[in-house]
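So the structure is just underneath, and the comments pick up after that.
A short reminder: the numbers here are calculations on the coordinates, not readings from a lab. None of these values were measured; they are calculated from a predicted model. Cβ: placed from backbone, ideal geometry, glycine included. Neighbour counts: every protein chain shown.
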Amino acid sequence: MRSADRLSDRRTSAGARRGASVRLPVVPTTDLSRPIGLAPDAAGTLHIADFDNDRVVKLPMRGGQRTLPVAGLHTPAGVAVPPPARTGYRRPTEP
């Protein structure tokens with residue numbers, strides 16, 4: 001059995017009813033080395049700070065992997081994603 005198969009087949013009862021099991025998802029990434037920070041955005045895309053590879057990786061829900069172009073990045077230890085833009089927001093009027 002491949003290691004990815006073993007990971008996706010692992011089960012846990014943490015947070016579930018007694019005796020129930022929960023299937024843990026496997027994040028489909030390649031060549032990550034010490035992923036330190038994780039941040040999901042509003043669309044469900046996962047952003048990962050890949051510490052030893054000096055990059056930030058983007059994993060969309062629909063699949064695929066993309067390295068974000070960040071110049072001069074050295075050992076990123078975290079990542080933050082801005083909140084979604086407000087729609088229908090109006091500036092308060094002054095009295």
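Filter region 34-61 down to the residues that are acidic (Asp, Glu) and farther than 19 Å from Ala85 by Cα, then identify the one that is surrounded by the most Cβ atoms within 10 Å (Cβ to Cβ).
Start the filter on region 34-61 by keeping residues that are acidic (Asp, Glu), which leaves 41, 50, 52, 54.
Narrowing further to those that are farther than 19 Å from Ala85 by Cα: 50, 52, 54.
Numbers: Asp50: 22, Asp52: 12, Asp54: 14.
Of everything passing the filter in region 34-61, Asp50 is surrounded by the most Cβ atoms within 10 Å (Cβ to Cβ).
Filtering region 62-79 down to residues that are surrounded by 10 or more Cβ atoms within 10 Å (Cβ to Cβ) and in contact (Cβ under 8 Å) with a residue 40 or more places away in the chain, which residue is nearest to the chain's Cα centre (by Cα)? Full working, then the answer.
Residues of region 62-79 surrounded by 10 or more Cβ atoms within 10 Å (Cβ to Cβ): 65-68, 70, 73, 75-76, 78-79.
Restricting the remaining residues to those that are in contact (Cβ under 8 Å) with a residue 40 or more places away in the chain gives 76, 78-79.
Working: Pro76: 14, Gly78: 11, Val79: 10 Å.
Only one residue fits best here, namely Val79.
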